[in-house]
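Structure first, commentary second.
The values are calculated or read from the model by the stated rules, or taken from the named source; none is laboratory data. No experiment lies behind these values; they were computed from the predicted model shown. Cβ coordinates were reconstructed from backbone atoms using ideal geometry, including for glycine residues, and neighbour counts include every protein chain displayed. Areas reflect the complete protein model, heavy atoms only, side chains present, ligands, DNA and RNA absent. Shrake-Rupley method; radii C 1.70, N 1.55, O 1.52, S 1.80 Å.
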Amino acid sequence: MGASDAPHEPEAYAAERRAESVTAVLDDLGLDRAAFWGYSLGAMTGYAVAAYAPERLTRLVAGGFDPDGFRSRVPAVLAALGLPGDHDVYELVKQGALGHPYQVAVIEAGDPAAYRANYDRFSREPGLGPRLAASGVPVLMYAGTADPWHDPMRDHALAHGARFFSVPDSDHGQAPRRSRQVLARVLPFLEECRAA
């Protein structure tokens, strides 16, 4: 996206490579550690940094993506849509993204083969839940109550001592736009690391 490289090889989008990209930016900025906030695929990238370079994070805020992987909710979503279990989910993801006008120009300016390679990798990436839980990074997760990833995220947080909050009456696309509700929970969490 943007001015980034757009490789066509799925391996280029592996979780470990995502973590390396983030730590390279931190290195370039001369920062040893930083807080990371990601939503959807950005949350997966944050999980990757916590899993592979936890010493680089002060805190992690993750919205709208299950740390146990993309495939955790796909069977239930396909069943709810009346689609077979072997249906190619990529088109559903693409249609959902194009349903948000602010993303259309970004998506249309990008490289379709790179988007597909990215999807082919992240959709098959093993979950990072166990590594995230063992990372020692303080984590705050959130999701809209109508997001398919809400319950798995909440359950992971409860099982592993992470914090979690729900964004009421919101699906995957609506939750990030509920900025007043989200910031009211995220900003105090981020302030805790400044006070420490």
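General observations
- Met141 vs. criteria open to solvent by less than 20 Å² (accessible area, probe 1.4 Å), in contact with a Lys or Arg (Cβ under 8 Å, 6 or more places away or on another chain), touching a residue at least 60 places away in the same chain (Cβ under 8 Å) and closer than 30 Å to Phe189 by Cα: yes
- Residue in the range 45-64 that is open to solvent by 60 Å² or more (accessible area, probe 1.4 Å), free of Cβ contacts under 8 Å to residues at least 60 places away in the same chain and among the small types (Gly, Ala, Ser) present: no
- Set Ala109, Ala97, Ala80: member being small (Gly, Ala, Ser), without any contact (Cβ under 8 Å) to a residue 12 or more places away in the chain and over 22 Å from Thr145 (Cβ atoms): Ala109
- Residue within the range 81-95 that is closer than 23 Å to Met141 by Cα and open to solvent by less than 50 Å² (accessible area, probe 1.4 Å) present: no
- Residues of the range 100-134 classified as part of a loop (DSSP other than H, G, I, E, B) and either over 16 Å from Ser40 (Cα atoms) or open to solvent by 20 Å² or more (accessible area, probe 1.4 Å) (or both), total: 7
- Residue match in the range 173-191 (condition: in contact with an Asp or Glu (Cβ under 7 Å, 6 or more places away or on another chain) and modelled with pLDDT of 95 or more): no
- Selection from the range 154-163 of residues that are out of contact with any Pro (no Cβ under 6 Å at 6 or more places or on another chain) and open to solvent by less than 40 Å² (accessible area, probe 1.4 Å): Ala157, Ala162
- Pair list, Cβ < 8 Å and 6+ apart or interchain, from the range 176-192 residues that are in contact (Cβ under 8 Å) with a residue 60 or more places away in the chain to residues that are surrounded by fewer than 16 Cβ atoms within 10 Å (Cβ to Cβ) and not in a helix (DSSP H, G or I): Phe189/Arg163
- Scanning the range 1-39 for residues that are touching a residue at least 60 places away in the same chain (Cβ under 8 Å), under 12 Å from the mean Cα position of the chain (by Cα) and open to solvent by 30 Å² or more (accessible area, probe 1.4 Å) yields Trp37, Tyr39.
- In the condition set (1) surrounded by fewer than 18 Cβ atoms within 10 Å (Cβ to Cβ); (2) without any contact (Cβ under 8 Å) to a residue 24 or more places away in the chain, Asp169 is compliant with all but (2).
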